Amino acid sequence: MRDVSKFLSGFRRFQQNYLGERHELFDQLIQQGQRPRVLMIACCDSRCDPALLTDCDPGDMFVVRNVANLVPPHVQATYFAATTSAIAFAVHNLEVEHIIVMGHAQCGGIRALMEHKTPTCNEEELIAKWLGIAEDARQQVLKEFQDKPMQTLTHACEQSAILVSLENLMSYPWISSRVHQGKLALHGWYFDMQNGELYEYTPETGAFQVLVDKLEAAVSET
């Protein structure tokens, strides 16, 4: 079993370098509290750290991470309260202005959903119930991509599951009301680890588009 000494060494470097260079920021966050404008709902995959991917500062982003970056529908809110309570805190208490659901390539949770194996123990049953949140995405992918290899199915479901979570977010009255009032915006992002690109779902085209290209295009139009 590997020890955790590398993390202790890393924390020491954090104290000496990062914390030292940003002590004013941390003092401000301590005195004034956190006021992040963004809630990021991401996968707990060890390769996809939202703060690392976006190069943001402490206090910029409130993060919820779970298997396959899923959001339960409102009717299941109390059953999956760990995720829904965190979302409620971000929206109601912190009054975030943006919610981003960020999926990623090679997601083990989505692959398990697509393989759809019968649970053989309690642990697998827990995972299966959670992944069932995205069952509509699985069914849609199977319908649209019949006889395609598992890699293609998984990739399609990774993106489709993001849309399911965005739809589920709108099933919460206290989210949908803020969206309709223009106080809250929802975004669907997809990180492709293989090519290092970040994509955003565009409702107008019904497809995911490279986010940096969209940003550069918007800047050029101003």
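Does THR120 qualify as being assigned by TED's automatic domain parsing to the domain that holds ARG178 and outside any helix (DSSP H, G or I)? Please lay out each step first, then the result.
On the way: assigned by TED's automatic domain parsing to the domain that holds ARG178: yes; outside any helix (DSSP H, G or I): yes.
Spelling it out, THR120 is indeed assigned by TED's automatic domain parsing to the domain that holds ARG178 and outside any helix (DSSP H, G or I).
Condition test on HIS92, is it in contact with a strand residue (DSSP E or B) (Cβ under 8 Å, 6 or more places away or on another chain) and surrounded by fewer than 18 Cβ atoms within 10 Å (Cβ to Cβ)? Talk me through it step by step, then tell me what you get.
Details: in contact with a strand residue (DSSP E or B) (Cβ under 8 Å, 6 or more places away or on another chain): no; surrounded by fewer than 18 Cβ atoms within 10 Å (Cβ to Cβ): yes.
Judged against the criteria, HIS92 is not a match.
Regarding PHE80, is this residue under 19 Å from ALA185 (Cβ atoms) and either β-branched (Val, Ile, Thr) or touching a strand residue (DSSP E or B) at 6+ places or on another chain (Cβ under 9 Å) (or both)? Before you say what the answer is, go through the steps one by one.
Values: under 19 Å from ALA185 (Cβ atoms): no; either β-branched (Val, Ile, Thr) or touching a strand residue (DSSP E or B) at 6+ places or on another chain (Cβ under 9 Å) (or both): yes.
Criteria not met by PHE80.
Quick check on segment 1-60: of everything there that is among the acidic types (Asp, Glu) and not assigned by TED's automatic domain parsing to the domain that holds GLN106, which residue is nearest to VAL91 (Cα to Cα)?
Going through segment 1-60, the residues among the acidic types (Asp, Glu) turn out to be 3, 21, 24, 27, 45, 49, 55, 57, 60.
Right, trim to not assigned by TED's automatic domain parsing to the domain that holds GLN106 and you get 3, 21, 24, 27.
Numbers: ASP3: 38, GLU21: 31, GLU24: 27, ASP27: 25 Å.
So the residue we want is ASP27.
Let's see how each residue does on (1) charged (D, E, K, R); (2) more than 13 Å from the chain's Cα centre (by Cα); (3) surrounded by 12 or more Cβ atoms within 10 Å (Cβ to Cβ); (4) within 30 Å of TYR190 (Cα to Cα):
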| position | (1), (2), (3), (4) |
| --- | --- |
| ASN17 | no, yes, no, no |
| ARG35 | yes, yes, yes, yes |
| ASP45 | yes, no, yes, yes |
| PRO58 | no, yes, yes, yes |
| GLN76 | no, yes, yes, yes |
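Just checking, does segment 8-24 include any residue being without any contact (Cβ under 8 Å) to a residue 24 or more places away in the chain and among the acidic types (Asp, Glu)?
Filtering segment 8-24 for residues without any contact (Cβ under 8 Å) to a residue 24 or more places away in the chain gives 8-21, 23-24.
Now restrict to residues that are among the acidic types (Asp, Glu): 21, 24.
Within segment 8-24, one or more residues are without any contact (Cβ under 8 Å) to a residue 24 or more places away in the chain and among the acidic types (Asp, Glu).
Among all residue pairs at least 6 apart or on different chains, which show Cβ distances below 8 Å where the first residue, located in segment 142-161, is free of Cβ contacts under 8 Å to residues at least 40 places away in the same chain and the second is outside any helix (DSSP H, G or I) and not charged (D, E, K, R)?
If the second residue must be outside any helix (DSSP H, G or I) and not charged (D, E, K, R), the pairs left are THR152/PHE145; LEU153/PHE145; ALA156/PHE145.
Could you say whether any residue in segment 114-124 is surrounded by 13 or more Cβ atoms within 10 Å (Cβ to Cβ) and under 21 Å from the mean Cα position of the chain (by Cα)?
Residues of segment 114-124 that are surrounded by 13 or more Cβ atoms within 10 Å (Cβ to Cβ), as a first pass: 114, 124.
Going one step further and asking which of them are under 21 Å from the mean Cα position of the chain (by Cα), we end up with 114.
Yes, because at least one residue in segment 114-124 is surrounded by 13 or more Cβ atoms within 10 Å (Cβ to Cβ) and under 21 Å from the mean Cα position of the chain (by Cα).
Among the listed residues ILE127, ILE162, which satisfies the condition of being in a helix (DSSP H, G or I) and more than 26 Å from GLU204 (Cα to Cα)?
Details: ILE162 fails: more than 26 Å from GLU204 (Cα to Cα).
Matching residue, one of ILE127, ILE162: ILE127.
Among (1) of a type in the set (S, T, N, Q); (2) under 13 Å from the mean Cα position of the chain (by Cα); (3) over 21 Å from ARG65 (Cβ atoms), there is one condition GLN159 misses while meeting the rest; what is its number?
For GLN159, the failing item is (3).
The values are calculated or read from the model by the stated rules, or taken from the named source; none is laboratory data. Nothing here was measured: the structure is a model prediction, and the numbers come from that model. Positions of Cβ are generated from backbone atoms using ideal geometry, with glycine treated the same way; all protein chains shown enter the neighbour counts.
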